[in-house]
Every structure is written in C-alpha cells, then in structure tokens.
Amino acid sequence: MDEETNPARVVVIGAGQAGSQFCFALRRHGFGGEIVLLGEEPHAPYQRPPLSKAFLKGEMDQRRLLLKPAQAYADSGVEFRPGAVATGIDRAARQVVLASGERLAYDRLAIATGSRPRALPAPGGTLGGVLALRGIDDTLRLRDRLDACRALIVVGGGYIGLEVAATARAKGIPVTVLERAERVLARVTSPRMSAWFEALHRRHGVDVICDAEIAELSGTGGQVTGAVLADGRVIPGDTVLVGIGVDANDGLASEAGLACDGGILVDADARTQDPLIYALGDCTRHPVGPYAGQHRVESVHNALDQAERAARHLLGLDPPAYDPPWFWSDQYDAKLQAAGLFNGHDAQLSHGDPESGRFALLYFARERLVAVDAVSDPASFMAARQLLKQDAAATLAECRAHSLKELLALRKNGEPVP
Amino acid sequence: MTRLLFVDHQGHETPLEVEAGLTLMEVARLGGFDSIAAECGGGCACATCQVYLEPALFAALAPMSEMEECMLELAAHRRATSRLACQLTTGHALEGARIELPESQY
C-alpha cells in the first residue's frame, strides 16, 4: 500500500473515549504504523458516565473507571502520553505543537478534544465550593464536598445536574435544582418527559425551581453560601454544582483554519475539510443518519461510532452500517434510554403508563418515527434502536396499533406492516 | 480469586485468574477482549457485553433481572445461555466458568 492508504504516523489529540477508541479501532483493522495518543489529564483514558453516578456515590473505585488496563496501550503499540497539552496545529508542516515546545509530525491527525463545562456567568461564579463536573478530579472534589455538605444547589437541570441531584439525595443531602428554562431537560427531551423527571425529583425531596434567573452567588470568606435569584429569593447552599451545558473544544481546529460552528464541522466519516485531519466526539458537529442538519451529539455512543467511522475511512475500509444515536441516564430507580434525535418532531405518542414508572414516549416527524425516550422500558428501547435503523421508517399508524417490540417482529425485512 | 476460561469465537482459549468482586464485563475489558464492547460501561443500558455460558452454569446462577432479560431479548446473536457480562460478578458462583465470547456485539 502507498502512503495515501497506509500513513506512517497517526497522532490523536485528546485521550477521552473517542480518541482512545480510535487508536484501538485502527489496530483492530490492521493499521501497522505509529500511533501517538496525547492526553491533557494525568489519567489513562477512562469512562465519564459514572462520574455523576456510581463513582460520585463512592461505589466504584478509580481503577474501575479505566477503559483499558494501563499496559494495553504499550501492548497495542499505542504511545500514550499523559499530561501532553497540544497548543497548535501547523497544517502546512503537518505538525502538532505541544506546550513543551515539541513539534510532533503527523501523516494523519485526529482531533478528539471533547468539550468543557460552561462557567456560570453570574457574579460569585468563582467562589470556593462552586464546582463543575467533567473529569475524575472534578468528581473527587465534589465527592469530598458532599461528605460535609448541608445543602447542595444544582444550577442547571440537564442530565449531569439531575444525576448529581439524585446521587446527593441518596446521601440524604438537601438539594435545590435551579433551572433557567421553564422546564428541566429542556434541550434534550419533550415537555412531557421533562415533567415526569421533575415530578420524580420532587418525590425524592428535591426542590426544583424553573424559570430561575440567578442574580448572584453569595459567599463569605471566599466560600459560597447560597444563590440569590433575580426575583429576590435566596437559596442557601454550601456547595454549588454548575451543570449548564458544555462547549466544544474547537479552538485548536479553528485556529488552524478548519471550519467550526459550535463544534468542528465534519462529515459522516468524521473528516474535516483537511483530508489529513479527522475530528471525533463531543468537539464535533456532523450529519446524523436520516436527520436534517448538523448535530453535536454528546454521548458515548457517538464517540465510539465516530471513532469507528474515522478509523475505517483512514484505512480505506467501508463504513459501518448506520447505528442510530442513543443515550442513557440513571436517576434513582429510573433508567432513561433514548434513541434517535427528537429535534424537529411534530407529533408524539406514549406507550405504557407514566404513572407506573415504565413507559416510552415516541416522537414523529411527518408521521415517521424519529426518536424514542424509554423510562425503565428496555424492550421498547431495544426495539426502537432496531426500528430506527430501517430504511422505511416506522409510521405513526403502525406505532398506534402496536408496541415497538410487536412492530419489530411484524416488520419482516424492515417492510412496513400492511 | 476466581479462575475463568475465556473462549473467543475462533475457539482460542485464554485462562485468567482474577480477583473476586469484579463484573465479568470488567474482567473481559481488562483482559483486552475487544468483542466485549460494553458501550455503557456496566449500566445494563446497551446489551453490548453479551457472553455465552455453559448450560449447567447458566442454570445454576441466580436468574436474570427483568431488565437484563428485556435487553437480551432483542440483542444481536442471542443464544439460550446468553448473559450480559456486566450483570455477573466474579466469585464462588463463577469459579471455573467457561465463558464463550461472540464475534461481535452488533
């Protein structure tokens, strides 16, 4: 093979789930060249989902977070460099510039720099006890705080915030969730599902305040003591977890002249506009299966899927079959499993009884199934993932007549039920 | 410690002796078996850590939770003795177990 299809050295910036998976996918598909994996953190690549759940609870030790045993990198010929900070990409010279001053040559580059939590724009956002959650070290800090916490304020009713709220309630800590929008999970699910999760948290004793505009965080001696809302309400709290979303780490790419728009723009094979550079994971925006537009999909599944696609493309292999995006969240005894993208839906159906705690909401656009949110309903979730793969999308009429599991069985070879 | 024998889809056998109290999914991951995708990392949310047990062991283990049963029911390549490795914990019950791995979880 020539250099075009068998480059000598691949450099990966970012050792999260996407970057790590990409390295091993290259090897699994037979890549024999050099692979250098640059990670900013001192830790070997690890799983992030438990950071707001089992690891925060203290039910899981740090070693169990690792995606691979430490020696797996050397064993697979992946040169993993922890604590390596990339400060620039010199596309003309095909080099990555490191904070140490070193210039690292690449034949192909993958940018997997992830995302960073948004800082709270209100005054007091930098007081002691105001924390974000992104990495192991953040969780360790939050875990220490929670051990002595008398009242926790969660700013932002997204997945991270609500999972932390549930974990803190399990420890018996009083929790207030402050959400700026009119409902929790506003960006990621429908009003009905938001209402269900809000009620779930209220049943567990969380004070959920929506339409909450924070005027400032108050403090004494440099430590936070509470939040003051724009309407004058004062919410006491000695620890504040800020979970108001993340921004893509696309600075390196944009400085290198690659197109970015709320994330590095890549195609379905994770290619940037530079044929030598891929980008994958949370730092990207990209087309997703049959859905219109470009999407930033912050999920493990997306990281793994883009890593596989990029690796195959780099090696000149066929792309894998389309696998719809999916996500999960554990809160108390409820397990949310979501498949597809619900944005732009114009109709919905519910299967099962929300009161029972086991149900699914189905979303449709122009009478075609586009997404499913299943709560403690794994059968509907698993069926949805398969139905969403089919070329002929399931219809509103079919879903009115059948459960998703029945429908999957009835749709032989993916053909609509007559 | 628990002694386990992993057998991949081509019949290659890998004996491992591991500490008790880990999930079988974690053991497989530590052992570098790439066929255990374990996308969700052990949350019983994805059904990508399927393994096949021997019938006698399958029958001897405590029955599956409804969650695991439902996830497996629509998982790819399911067999009669399939389990999700994230729902099994190393220890006495798995001593000497022969664990067959699928070629892929997809």
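The values are calculated or read from the model by the stated rules, or taken from the named source; none is laboratory data. Note that the structure is a prediction, hence the values are computed from the model and not measured. Cβ placement follows ideal geometry from the backbone for every residue including glycine, while neighbour counts extend to all protein chains displayed.
Can you name every residue in segment A:52-81 that is facing another protein chain (nearest Cβ under 9 Å) and touching a Leu at 6+ places or on another chain (Cβ under 6 Å)? Across segment A:52-81, the qualifying residue is only A:P69.
B:C46 satisfies every condition listed in (1) closer than 25 Å to A:G30 by Cα; (2) surrounded by 14 or more Cβ atoms within 10 Å (Cβ to Cβ); (3) out of contact with any Leu (no Cβ under 8 Å at 6 or more places or on another chain); (4) within 11 Å of another protein chain (Cβ to nearest Cβ) except (1). Can you work out which of the residues in segment A:183-233 that are part of a loop (DSSP other than H, G, I, E, B) and hydroxyl-bearing (S, T, Y) is farthest from A:Y159 (Cα to Cα)? In this case the residue turns out to be A:S190. Restricted to segment B:77-88, and to residues that are of a type outside the set (S, T, Y) and touching a Pro at 6+ places or on another chain (Cβ under 8 Å), which residue is modelled with the highest pLDDT? By that ranking, first place goes to B:A80. Listed by first and then second residue, the pairs with beta-carbon distance under 6 Å, at least 6 apart or on different chains, first residue in segment A:259-284 and in contact (Cβ under 8 Å) with a residue 12 or more places away in the chain and within 20 Å of A:P324 (Cβ to Cβ), second hydrophobic (A, V, I, L, M, F, W, C) and assigned to a strand (DSSP E or B), are A:G263/A:A248; A:V266/A:A279; A:T284/A:I264.
Check whether at least one residue in segment A:86-98 is in contact with a strand residue (DSSP E or B) (Cβ under 8 Å, 6 or more places away or on another chain) and closer than 30 Å to A:A165 by Cβ, and report yes or no. Taking every residue of segment A:86-98 in turn, none turns out to be in contact with a strand residue (DSSP E or B) (Cβ under 8 Å, 6 or more places away or on another chain) and closer than 30 Å to A:A165 by Cβ. Exactly one residue out of A:D282, A:D267 is among the charged types (D, E, K, R) and either in a loop (DSSP other than H, G, I, E, B) or touching a Cys at 6+ places or on another chain (Cβ under 7 Å) (or both): that is A:D267. Taking the criterion of being of a type in the set (F, W, Y) and either within 11 Å of another protein chain (Cβ to nearest Cβ) or in contact with a Ser or Thr (Cβ under 9 Å, 6 or more places away or on another chain) (or both), the only residue of segment A:7-29 that qualifies is A:F24.
Starting from residues that are assigned to a loop (DSSP other than H, G, I, E, B) and polar (S, T, N, Q), keep the ones in segment A:361-403 and report whichever is nearest to A:L200 (Cα to Cα).
Ranking the qualifying residues of segment A:361-403, first place goes to A:S376.
For segment A:346-360, the set of residues classified as outside any strand (DSSP E or B) and touching a Leu at 6+ places or on another chain (Cβ under 9 Å) consists of A:P354, A:G357, listed by residue number. Within segment A:136-144, is there a residue that is over 30 Å from A:M60 (Cα atoms) and out of contact with any strand residue (DSSP E or B) (no Cβ under 7 Å at 6 or more places or on another chain)? No, segment A:136-144 contains no residue that is over 30 Å from A:M60 (Cα atoms) and out of contact with any strand residue (DSSP E or B) (no Cβ under 7 Å at 6 or more places or on another chain).
Could you check, for segment A:291-303, whether at least one of its residues is within 27 Å of A:A8 (Cβ to Cβ) and assigned by TED's automatic domain parsing to the domain that holds A:G88?
yes
Those strands (runs of 3 or more DSSP E) of chain B in which 2 or more residues are of a type in the set (A, V, I, L, M, F, W, C) occupy B:2-7, B:13-18, B:97-100. Looking at A:A347, A:A371, A:A360, A:A401, just one residue is touching a helix residue (DSSP H, G or I) at 6+ places or on another chain (Cβ under 7 Å) and away from chain B (no Cβ under 13 Å), and that residue is A:A347. With respect to B:G32, is the statement that it is surrounded by 14 or more Cβ atoms within 10 Å (Cβ to Cβ), in contact (Cβ under 8 Å) with a residue 12 or more places away in the chain and within 12 Å of chain A (Cβ to nearest Cβ) true? Judged against the criteria, B:G32 is not a match. Applying the set (1) closer than 19 Å to A:R118 by Cβ; (2) in contact with a Gly (Cβ under 8 Å, 6 or more places away or on another chain); (3) crowded, with 21+ Cβ neighbours inside 10 Å to A:L280 leaves exactly one unmet item: (1).
Screening segment B:66-96 for residues that are of a type in the set (A, V, I, L, M) and under 10 Å from the mean Cα position of the chain (by Cα) and picking the one that is nearest to the other protein chains (Cβ to nearest Cβ) gives B:L84. Assess whether A:I35 counts as being without any contact (Cβ under 8 Å) to a residue 60 or more places away in the chain, under 23 Å from A:N302 (Cβ atoms) and either assigned to a helix (DSSP H, G or I) or not charged (D, E, K, R) (or both). So A:I35 passes the test.
Would you confirm whether or not segment A:78-88 contains a residue that is of a type outside the set (F, W, Y), assigned to a loop (DSSP other than H, G, I, E, B) and touching a Pro at 6+ places or on another chain (Cβ under 6 Å)? Yes: one or more hits. Here B:G41 passes the criteria (1) closer than 21 Å to A:L336 by Cα; (2) of a type outside the set (S, T, Y); (3) at pLDDT 95 or above; (4) more than 12 Å from the chain's Cα centre (by Cα) except the one numbered (3). Check whether at least one residue in segment A:316-330 is within 12 Å of chain B (Cβ to nearest Cβ), assigned to a strand (DSSP E or B), polar (S, T, N, Q) and in contact with a helix residue (DSSP H, G or I) (Cβ under 9 Å, 6 or more places away or on another chain), and report yes or no. Yes, there is a match, as at least one residue in segment A:316-330 is within 12 Å of chain B (Cβ to nearest Cβ), assigned to a strand (DSSP E or B), polar (S, T, N, Q) and in contact with a helix residue (DSSP H, G or I) (Cβ under 9 Å, 6 or more places away or on another chain). Candidates are the residues of segment A:82-99 that are surrounded by 17 or more Cβ atoms within 10 Å (Cβ to Cβ) and in contact (Cβ under 8 Å) with a residue 12 or more places away in the chain; the one that is nearest to the other protein chains (Cβ to nearest Cβ) is A:A84.
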